[in-house]
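As structure tokens, the structure follows; a few thoughts come after it.
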Amino acid sequence: MIYNYLSDIMKFLDIKPKYRIGMRTIKTSLAVTISLYLSLLLNLHTPIFTAIAAITSMKASLTESFEDVKKRMFSSVFGVVLGYAFSLIPVPEILTPLLGGLGIIIIIYILQHMNMKSMVILSCIVFVASFTSESSKIIYGVNRVVGTFLGIAVSVVINYLIATPDIFEIFINNSRLTLNSAKKFLMELVIKDAHSIDYYSKAYEKLNLSYELLMSEKNIPIHGNIMPITSEKIMNHFRDINVRFQLLNSIEDRPDINCDNKKALEDMLHINILDKGKLKGELNTVYNFQIDKILLSINELERILGEYDYE
């Protein structure tokens, strides 16, 4: 509602911003606002850390949000506990900074060893704040951990309840883009002497990443409709196409397309194959066999993707 109200005002004033305020921005702002109010309500002494947790936990998918929860809570607790422990070590005041530096080394080493490099900065900040806090270390530590958990919880709940990222929709859209790239490369194979598979490979790689993210959604307690069986069918067809494309891309000569493939290609790609390629013999037979299988996969992908309309 707020977003629509702001949009109406901008239209009325004829304001045309260069960049659009996205839903993720709105959700992040809402998460910070709620987190700060809860911090005031619970009388937490470090609301800034609650806000930081809310901001950094607003991810593009629920999977990323839940993975972030585990890492962020561990790094926060680890930093607080280590900072409290180091503050209890009796050393002359002149050596206190050296003790703090030693704690930073320990945090960086351990988190790198645990493959949590992205949490190093957060844990170091928490450690220093806990180590140098002039108030009760225990009270500070409890406030810090509670505040972090609160910010993360608010962010995850908002991310789930408000415009949940549709990972399946993203996967379907990437499938369409990859299918278009496959058709383009197929056309180059049969009508051009020179062809490049690079643009198709990039689209296929992007599709793979979105599929991995989609499948990872199964590992979280709550997730949207990910259609695992349909998604797997789509990926199986693209995997098959990709293997066949890699084979055909290694053959330099253009093929002599047989009658059945020629008709299917002309109907699908809306082209006219006017001349024959130089490829002959058994290798040309293999080439046509691969083309036939690719056409079957493309037809099946068009059928499956045609059932979903996200455009």
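Every number here is computed from the coordinates shown, using simple stated rules; none is lab data. Since the structure is predicted, the reported quantities are computational estimates derived from the model, not experimental observations. Methodologically, a virtual Cβ is constructed for each residue, glycine included, from the backbone with ideal geometry; neighbour enumeration extends over all protein chains shown.
Let's test the formula: R0 of 22 Å, r as the Cβ-Cβ distance of residue 303 and residue 206. What FRET efficiency results, to the nearest 0.05?
Working from the Cβ atoms, E equals 0.50.
Note that the stretch 201-211 has calculated 3J(HN,Hα) couplings of 4, 5, 5, 5, 5, 5, 5, 4, 5, 5, 5 Hz, one per residue in order, obtained from phi through the Karplus relation 6.51 cos²θ - 1.76 cosθ + 1.60 (θ = phi - 60°); glycine and proline are x.
Please work out how many pairs of lysine residues in the stretch 187-307 are eight or more positions apart (or on different chains) and have Cα atoms closer than 15 angstrom. Working shown, then result.
Numbers: 192/262; 192/276; 192/278; 262/276; 262/293; 263/276; 263/293.
Lysine pairs satisfying the spacing and distance rule in the stretch 187-307 number 7.
Modelled label positions at residue 157 and residue 42, each set 7 Å beyond Cα in the direction of Cβ, lie 1.0 nm from each other. Extension gain, residue 285-residue 267: 0.36 nm per intervening residue step, less the Cα-Cα distance, totals 4.4 nm. The phi-based Karplus calculation (6.51 cos²θ - 1.76 cosθ + 1.60; θ = phi - 60°) puts the 3J(HN,Hα) values of the stretch 109-117 at 5, 5, 5, 5, 5, 8, 6, 10, 4 Hz, whole numbers, x for Gly and Pro.
Sort out for me the Cα centre separation of the stretch 21-36 from the stretch 265-295, rounded to whole Å. Centre-to-centre distance over Cα atoms comes out at 54 Å.
Based on other C-beta atoms within 10 Å, arrange 59, 263 from fewest to most.
Details: 59 17, 263 12.
Fewest-to-most ranking of 59, 263: 263, 59.
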